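Report on the following structure.
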């Protein structure tokens, strides 16, 4: 598997117009611990409108998700 050079500014050109929340989302989706915790949340049943994740999750990651289905 090839990986791009993270030190190459061209690799981040697509992020030039990002707002703060978009940068935060990029950080989170690249974080293995966050991804693993989200995977666990995704496998938990929720009712429509219920928030996924505990208050500790929200404090740790600065994010909570609502089941829209």
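The values are calculated or read from the model by the stated rules, or taken from the named source; none is laboratory data. Since the model is a prediction, treat every value here as computed from it, not as a measurement. Here Cβ is always computed from backbone atoms with ideal geometry, including for glycine, and neighbour counts include all displayed protein chains.
Just to check your reading of the model, which residue among 37, 26 is in contact (Cβ under 8 Å) with a residue 24 or more places away in the chain, touching a helix residue (DSSP H, G or I) at 6+ places or on another chain (Cβ under 9 Å) and assigned to a helix (DSSP H, G or I)?
37
I want to confirm something. Restricting to segment 42-61 and keeping residues that are part of a loop (DSSP other than H, G, I, E, B) and exposed (fewer than 10 other Cβ atoms within 10 Å of the Cβ), which single residue is modelled with the highest pLDDT? So that I can check it myself, show each step before the final result.
Narrowing segment 42-61 to residues part of a loop (DSSP other than H, G, I, E, B): 43-50, 53-54.
Now restrict to residues that are exposed (fewer than 10 other Cβ atoms within 10 Å of the Cβ): 43, 45, 47-49.
On the way: 43: 78, 45: 73, 47: 62, 48: 55, 49: 57.
The residue in question is 43.
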